[in-house]
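Chemist: Have a look at this one before I ask anything.
The values are calculated or read from the model by the stated rules, or taken from the named source; none is laboratory data. Quick caveat: nothing in here was measured; it's all calculated off a predicted structure. Cβ coordinates were reconstructed from backbone atoms using ideal geometry, including for glycine residues, and neighbour counts include every protein chain displayed. Heavy atoms of the whole protein, side chains included, go into the accessibility calculation; ligands, DNA and RNA do not. Shrake-Rupley method; radii C 1.70, N 1.55, O 1.52, S 1.80 Å.
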Amino acid sequence: MTSAQADVVEVDGAHVSFLYNTDFWGLGTAVVSGDSITFTADPAFSLTRTVAAGGDPLSASHVASSPQALTVVAKSGYQVGFGVRTVYSGNFAVAPAVEGGNSISVSGNGALTGGSYANGLFTSGGSAAAYGGGISFYNGISGTINQTDTLQTKGAFDAVQASVKLISSLSLGTPGTSSVALTSYQYGFTATPLAAAPVPEPATYGMLLGGLGLLGVVARRRKNAPK
């Protein structure tokens, strides 16, 4: 199974290259540090809603997804670990409630697929796993969001590709104003050096030279043997 990467921008990490989907993330939204890449979230993930006194409950959400949000390609001499650390950041304020309830939530999840990348095409290697998570806050709480979720590395590939689904939402059941903002989403990968070919031990060289010498002796004896 192969997939083409359309409308992508490539940026360099320390040991990998990142190819991100600009249709989803936007152009120029990425900042790279080492083998991590952080995207500035679309302002549409920032929500503020108010329920007036005597007003009806309400809810709102913003959802966006991409099946090919990011492709990570190992540089020469490395492989990409099949795992990822994700960090989603933002802020929130949930209106207090005496009866009923108010809440906000943020989530970021998807699937990671291992494979290879060549000539603009990602080819799946048959390994896939879900990653990510979500977090919620309730009545009368405000603060910042800095949630980390980790998919442990198991094996490594020449390339990995990530799908993603991001959601920010709020649900208001009592009078007041609540807000939630997903401001950034980060991927952190681990690159591992390829194993170098083993160097023969001195004893191995000695055995090889001894064997060649023995073959030479046998060849000379055969040449000098009477016919």
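Chemist: Counting only the heavy atoms of the protein chains, how much of L194 is accessible to a 1.4 Å probe, in Å² to the nearest 10?
Modeler: 90
Chemist: Sticking with this one: Please give the contour-minus-distance gain from S124 to T177: 0.36 nm per residue of separation, less the Cα-Cα distance, rounded to one decimal in nm. Write down the numbers at each step before the final one.
Modeler: On the way: separation 53, 0.36 × 53 = 19.08 nm, distance 4.60 nm.
Gain in length upon complete extension: 14.5 nm.
Chemist: Can you compute the modelled spin-label distance between A60 and V31, with each label point 7 Å from Cα toward Cβ, in nm?
Modeler: It is 2.7 nm.
Chemist: In nm, to one decimal, how far is the modelled label at A52 from the one at T150, with both set 7 Å along Cα→Cβ?
Modeler: The modelled label-to-label distance comes out at 5.0 nm.
Chemist: I'd like the accessible area for H62, computed on protein heavy atoms only with a 1.4 Å probe and all protein chains in place. Round to 10 Å², please.
Modeler: Roll a 1.4 Å probe over it and H62 shows about 50 Å².
Chemist: Which of the trypsin sites (Lys or Arg not before Pro) across the range 3-110 are loop residues per DSSP, with 15 or fewer other Cβ within 10 Å?
Modeler: On the way: sites: R49, K75, R85; in loops: K75.
Filter output for the range 3-110: K75.
Chemist: Hey, another quick one. If Rh is defined by the Kirkwood formula over all Cα pairs and Rg also comes from Cα, what ratio Rg/Rh do you get for the range 8-199?
Modeler: Details: Rg = 19.4 Å, Rh = 17.8 Å.
Rounded to two decimals, Rg over Rh is 1.09.
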